[in-house]
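I have placed the structure first, in the form of structure tokens, so that the comments after it can refer back to it.
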Amino acid sequence: MEVYIVVHKKALVLALALALAPLPANAAANPYERGPAPTTAVLEAARGPFATTSAAIARTSSFGGGTVYYPTDTSQGTFGAVAISPGFSATQSSVAWYGPRLASHGFVVVTINTLSGWDDPDSRARQLLAALDYLTNTHAVRTRIDKTRLGVMGHSMGGGGALRASVSRPSLQAAIPLAPWHNTKNWSSDGVPTLIVGAENDTVAPVNQHAEPFYTSITGAPDKAYLELNNAGHSAPSSEGPNVTVGKFSVAWLKRFIDNDTRYEQFLCPAPRPDTRINEYRDTCPHS
């Protein structure tokens, strides 16, 4: 009887020791967490914590080629990927600043040229998805990508393309239409977490005709947000160059929904208040 009791005491001590032992570094609750804990300063900086490199992509039959940007670090596993389309008559140069900015926070990013500068939003949607397929199935960088964690972005008609791509491929993890333009106003079938960026003084895609009704109509997505840039025009998120506010919230949104990284939720919820850079912000907080 005494032996029986002693054996079980030892077993209990061993069980408690195992339960209290620290988890190994690679056993984090979120296997997609990449990089250090975020701060406002890091999100607003020109570059994030990862060193990056880039490579040109030749034109294909399904999209107009572009540039892929990606972290050089191979020690943290695979990364999520994002495809970005320019707007009407523009080239990838108008959205090029997003490439190194997003890649430096732990994403593989492709900025695309479209087959024609005059391609409509739905054509741009198909090309965004084709670019993601090319990255995940054909390009050498495919080994660095988790093909289950993908997102789309786009400016103007490219933003309309990001909305259409989300409807066409509901498995996408995030979408960010930037000053989006599209003739379709009802996106109730869109279930992808979507951050829409509008510009207060946009005369090409006025927010009351595009960004705002798009946001309102997205009733199928559990997570959505609307960021309106204060005193800004149509090109503020694109060819005017790096925009601190758009960069900050784009990274936070992609990290939260492509990487499932709740460390970034603090920048999205509660919704930020209007200030000199933000005219309006709407959100479906809480996200978790």
Is it the case that THR78 is modelled with pLDDT under 95 and either of a type in the set (Val, Ile, Thr) or at positive phi (or both)?
no
Please verify whether ALA221 is surrounded by 15 or more Cβ atoms within 10 Å (Cβ to Cβ), touching a strand residue (DSSP E or B) at 6+ places or on another chain (Cβ under 7 Å) and modelled with pLDDT under 95, treating the condition exactly as stated.
yes
How many of the residues making up region 234-253 are touching a residue at least 40 places away in the same chain (Cβ under 8 Å), within 17 Å of the chain's Cα centre (by Cα) and buried (at least 18 other Cβ atoms within 10 Å of the Cβ)?
10
Restricting attention to helices (runs of 4 or more DSSP H) lying wholly within region 97-206, give those where 2 or more residues are touching a residue at least 40 places away in the same chain (Cβ under 8 Å), more than 14 Å from the chain's Cα centre (by Cα) and more than 18 Å from VAL251 (Cβ to Cβ).
121-137, 157-168
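For residues in region 36-53 being of a type in the set (Ser, Thr, Tyr) and without any contact (Cβ under 8 Å) to a residue 24 or more places away in the chain, which is nearest to ASP146 (Cα to Cα)? Write out each step before concluding.
Of region 36-53, the ones of a type in the set (Ser, Thr, Tyr) are 39-40, 52-53.
Narrowing further to those that are without any contact (Cβ under 8 Å) to a residue 24 or more places away in the chain: 39, 53.
Values: THR39: 25, THR53: 18 Å.
Applying the filter and picking the extreme gives THR53.
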Could you give every pair whose Cβ atoms fall below 7 Å, whose first residue belongs to region 54-82 and is without any contact (Cβ under 8 Å) to a residue 60 or more places away in the chain and over 15 Å from GLN127 (Cβ atoms), and whose second residue is among the β-branched types (Val, Ile, Thr) and surrounded by fewer than 24 Cβ atoms within 10 Å (Cβ to Cβ), counting only separations of at least 6 or pairs across chains?
SER54/THR67; ALA56/THR67; TYR69/THR52; THR72/THR52; THR72/THR53
Being at pLDDT 95 or above, surrounded by fewer than 16 Cβ atoms within 10 Å (Cβ to Cβ) and basic (Lys, Arg) narrows it down to one residue among ARG277, ARG256, ARG282, ARG263; which is it?
ARG282
Enumeration of residues in region 43-76 that are loosely packed, with under 15 Cβ neighbours inside 10 Å, touching a Ser or Thr at 6+ places or on another chain (Cβ under 8 Å) and among the hydrophobic types (A, V, I, L, M, F, W, C):
ALA51, ALA55, ALA56
Given ASN231, ASN260, which one is part of a loop (DSSP other than H, G, I, E, B) and either charged (D, E, K, R) or within 17 Å of the chain's Cα centre (by Cα) (or both)?
ASN260
Go through the residues of region 186-206 one by one and say whether even a single one is acidic (Asp, Glu) and either in contact with a helix residue (DSSP H, G or I) (Cβ under 9 Å, 6 or more places away or on another chain) or surrounded by 24 or more Cβ atoms within 10 Å (Cβ to Cβ) (or both).
yes
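The values are calculated or read from the model by the stated rules, or taken from the named source; none is laboratory data. What you are looking at is a predicted structure, and each value in this text was computed from that prediction instead of being measured. Ideal geometry is used to build each Cβ from the backbone, glycine not excepted, and the neighbour counts take in all protein chains shown.
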